[in-house]
Structure formats: structure tokens, C-alpha cells
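Undergrad: I have a structure here, written as C-alpha cells, and I will follow up with some questions on it.
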Amino acid sequence: MKISLVETGKDLEKNWPYTPGRKTLPYAQGMKLEGPGTLLILAGQPAYGDKGEIVGVGDMEKQARQAYQNIADLLKVAGAKPTDIVKETVYTTDVDAYLRKASKTRLAFYGDYVPVNTLIGVSRLAQEELMIEIEVMAVLE
């Protein structure tokens, strides 16, 4: 499977103040997938801990960390890794808090790799205490 970025070349960095010092946006605008492969689709992962409890009630950073840990656990079960993710959708009840508190957690999860990303603000998630839910699609060779 060949994966390549699809970018317009526009300088959008100046409109993105949340990750100062980065030379590129913290997400890809598009990805082109060519060749055989397996598509892995993960349902939205909220901040549920090992016993089903909500982790980090009222704390965006803790909830984001748990959601990404849940994604990492599922990727491992499927034989995948974060760099196999080609699309991420983040649903949050507080976009500003996500950008201030969870962006660093996201960047730590992906490292230098940046998948296609959409951030969506919602009025609430499945449970009132949840602040974030992340769904991803990955391609495995």
C-alpha cells in the first residue's frame, strides 16, 4: 500500500497558533492510498478506563490521554500502529480546551506523522462527563 500526502501547498501555518514552532500543520489535508491493504475502522474512543469508568472527569488532557491509549490498545490488537492511521475524527464538547490542552497529547501520540484530521465541536457526547471521543481509520499492509 502506497500512502502519500495530498496538500495544496498553501501556507496555513500562520492561522494555526496552537503548535508554535512547527513547520507544518499538525494534520494532513488529505491522503492518497494506492494498492492492496486492509482497512481498519475503530469506533469513537472516549476516555473509558480498564473498568469502564470515565477517566479524567472535567480534565480535557487526561481524557485525551485515555482516548489515545484506548486507540493504541485497539491498534495493537489489530496488529497496527499509529502511523497506519490515515483518518482521525475528534469530537469534543469544548474545542478551545481541546486545542489548548489535548493538542500536545495528540502530537505525542503521532510523533512526526500527521494523518488527515477533522475536529468537530458537539454539544455533548454519549455521557455528560465525556469531553472527547476519537475515531480513526487505518490501513494495514
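Undergrad: Among the listed residues K51, K62, identify the single one that is basic (K, R) and at pLDDT below 95.
TA: K51
Undergrad: Give G44, G52, G58, G121 a once-over and let me know the one that is touching a residue at least 24 places away in the same chain (Cβ under 8 Å) and at positive phi.
TA: Unique residue meeting the criteria: G58.
Undergrad: Another one. Return a yes/no flag: does the stretch 98-113 have any residue that is touching a residue at least 60 places away in the same chain (Cβ under 8 Å) and either outside any helix (DSSP H, G or I) or buried (at least 20 other Cβ atoms within 10 Å of the Cβ) (or both).
TA: Yes, the stretch 98-113 contains at least one residue that is touching a residue at least 60 places away in the same chain (Cβ under 8 Å) and either outside any helix (DSSP H, G or I) or buried (at least 20 other Cβ atoms within 10 Å of the Cβ) (or both).
Undergrad: I need a count of the residues in the stretch 124-141 that are without any contact (Cβ under 8 Å) to a residue 60 or more places away in the chain and out of contact with any Ser or Thr (no Cβ under 7 Å at 6 or more places or on another chain).
TA: Residues meeting the conditions: 1.
Undergrad: Considering (1) within 16 Å of R65 (Cβ to Cβ); (2) of a type outside the set (S, T, Y); (3) not in a helix (DSSP H, G or I), say which one Q127 fails and leave the rest.
TA: Here Q127 clears every test but (1).
Undergrad: A further question follows. In the stretch 130-141, what residues are outside any loop (DSSP other than H, G, I, E, B) and over 25 Å from G52 (Cα atoms)?
TA: Correct list: V139, L140.
Undergrad: The conditions are (1) in contact with a helix residue (DSSP H, G or I) (Cβ under 6 Å, 6 or more places away or on another chain); (2) within 23 Å of E141 (Cβ to Cβ); (3) without any contact (Cβ under 8 Å) to a residue 60 or more places away in the chain; (4) aliphatic (A, V, I, L, M), and L74 fails exactly one of them. Which is it?
TA: With (1) in contact with a helix residue (DSSP H, G or I) (Cβ under 6 Å, 6 or more places away or on another chain); (2) within 23 Å of E141 (Cβ to Cβ); (3) without any contact (Cβ under 8 Å) to a residue 60 or more places away in the chain; (4) aliphatic (A, V, I, L, M) applied to L74, the lone miss is (1).
Undergrad: Take the residues in the stretch 69-97 that are part of a loop (DSSP other than H, G, I, E, B) and of a type outside the set (S, T, Y), then tell me which one is farthest from the chain's Cα centre (by Cα).
TA: Among residues in the stretch 69-97 that are part of a loop (DSSP other than H, G, I, E, B) and of a type outside the set (S, T, Y), the one farthest from the chain's Cα centre (by Cα) is G79.
The values are calculated or read from the model by the stated rules, or taken from the named source; none is laboratory data. Fair warning: this is a prediction, and the values are worked out from it, not measured in the lab. Don't worry about glycine lacking a Cβ; one is built from the backbone with ideal geometry, like all the others, and counts go over all protein chains shown.
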